[in-house]
Each structure stands twice: as structure tokens, then as C-alpha cells.
Amino acid sequence: MATQDAQIASRLGENLAAVRDRVAAAAALAGLRQPPRIVGVTKYVEPAVARLLVHAGLQELGESRPQELWRKAEALRDLPVSWHLIGHLQRNKVRRTLPLVACIHSADSLRLLEEISREAAAQDRTAQVLLEVNVSGDATKTGLPPDAVEPLLPAAAQLPRLSIIGLMTMASLEGSPDRTRREFAGLRELRDRLAVNCPPNVSLNEMSMGMSGDYEIAIEEGATIVRIGSALFEGIS
Ligand SMILES: *Cc1c(COP(=O)(O)O)cnc(C)c1O
């Protein structure tokens with residue numbers, strides 16, 4: 001390994017250990033039996049650095065743009081990576097994305113779910129998806145309005161080869177810690193309310209929420225998956 005790679009690898013290892021420690025501490029404080037899973041968001045770095053992160057011990061990686069996910073999945077295809085698409089997915093990109101991903105976090109319309117289902121059937125696979133909810137009400141954010149989730153579930157539950165396994169959200173970027181907490185709590189309350197009458201074959205166990213700046217709050221409010229980018233790449237340009 002070149003010297004520079006060795007330095008990056010060692011810094012990644014330290015950053016990952018620090019994030020894992022903080023995730024574990026937040027989970028312990030919240031009384032969770034097991035800490036949430038960490039998806040490492042690699043959108044800031046080239047595939048070579050993402051590769052070093054996998055070597056450092058993180059095997060779940062996320063990208064927000066489909067084309068970037070395709071590119072990195074191809075570059076890292078010799079490694080046992082589970083890829084997560086965490087950003088907006090256009091229907092015309094479903095076909096190429098589906099074979100590459102373990103989970104799509106950003107399903108935000110029935111039309112998109114229909115396309116994912118149709119394509120999953122054509123490819124003889126089952127797609128795992130989370131419904132993205134815009135809990136902040138921020139108009140610039142994607143995601144379903146909270147009150148649009150329940151009406152969508154019965155139709156979504158009918159779609160073949162599609163497993164809805166939970167909800168995903170992003171807190172408003174400008175928010176105070178209090179506001180962030182209210183938004184994450186809002187997603188959990190929505191989940192708890194919907195879980196009571198959930199159609200069979202829909203499960204809302206997974207809660208994907210929390211990024212570098214707010215993952216501890218998210219864990220306290222019930223996150224099962226946190227999506228961490230910048231905290232993993234601190235000190236690496
Ligand atoms: C970029 C991104 C993240 C990670 O953000 P950081 O603040 O860098 O940890 C998480 N989720 C989504 C949807 C993102 O686009």
C-alpha cells in the first residue's frame with residue numbers, strides 16, 4: 001500500500017471506531033439491546049477511498065445518486081458490500097439499480113413502488129424498500145408527507161416482489177437539536193401508529209434516520225439504521 005493510502009486507511013479506521021463507540025454509547029443510553037446498523041455514505045469520496053473503508057470493516061455502504069452507486073458498485077464488485085440507495089430514484093433508473101442494492105431507502109410514491117415491483121418481478125428478485133417521509137415539512141426535501149403514508153400502504157402491500165420494511169427520514173438541516181428530536185420522534189410515532197393496522201407483508205421495523213450531525217438523537221428516538229458520511233471521512237480530503 002502506498003504511504004498515502006496507509007495514512008487514509010489508518011484515519012478511516014480511527015474515524016470508524018469513534019463513530020461505532022458513539023453509536024454504541026447512544027444505544028446503551030437508550031436501553032437498546034443492539035446498536036443500530038451503520039451505513040457508510042461514500043458520496044464524498046472516490047471508489048478507492050470507499051474501498052479502504054470496507055477494508056476498515058464497514059460493509060454496508062450508501063450513495064444518494066443512482067449513477068454514483070452504479071459506478072462505485074462496479075469499482076468495488078470484488079468486495080462483499082451491501083449497497084443502500086439513500087437518495088431520490090427516478091423510475092427510469094430502477095432497472096439498473098435494483099440488481100446492485102440491498103435496500104432502497106427513498107421510495108416516495110406509489111408509481112415508483114409499482115415500477116420497483118414490476119422490475120423486481122422481471123429480474124426474479126425481491127426488492128427491500130423503506131418509505132421516505134418528509135417529517136420536517138421542508139418544501140425542498142423529497143419524501144412523502146406524513147399523512148400520505150397510510151393511504152398508500154394498502155396498494156403498496158399488494159405489489160408483488162416488493163417488501164416494505166420500514167421508514168426513512170432526514171431532519172431539517174437548519175434545525176435546533178430540539179427540533180431535530182421532534183422530527184425523529186415524529187417518524188417513530190407515525191411508525192407506531194401505522195404498525196397497529198399494518199397490511200400483512202408490510203413491516204415497519206426499520207427506521208433509517210440520523211446522519212453525522214444528529215445520529216445520537218436519532219438513536220435515542222429509535223433509529224435502527226444510521227446513515228453516516230462526513231464523520232467517517234474527517235481528516236481525509
Ligand atoms: C449525504 C447523506 C447522508 C450522510 O450525511 P452526513 O451528514 O455527511 O453524515 C445521509 N443521508 C442522506 C440521504 C444523504 O444524502
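General observations
- When the Gaussian network model of the chain links Cα atoms closer than 10 Å, the mean-square fluctuations of Asn92, Asn134, Asn15 top out at Asn92.
- Between the stretch 1-23 and the stretch 28-67, the C-alpha centres lie 13 angstrom from each other.
- Sum of side-chain charges, Arg193 neighbourhood, beta-carbon under 12 Å (Lys, Arg +1; Asp, Glu -1): -2
- Taking packing as the residue-averaged number of other Cβ atoms within 10 angstrom, the listed peptides 51-62, 164-175 run from highest to lowest as 164-175, 51-62.
- Distant-in-sequence amide H partners of Leu144 (H built 1.01 Å from N, under 5 Å): Glu132, Val133, Asn134
- Residues with amide H under 5 Å from that of Ser106, placed H, sequence gap 5 or more: Leu130
Quick note: the coordinates plus some simple rules give every number you see, no bench work behind them. Keep in mind that what you see is a predicted model, and the values were worked out from it rather than measured. Quick reminder, even Gly has a Cβ in these numbers, built from the backbone with ideal geometry, and neighbours come from all protein chains shown.
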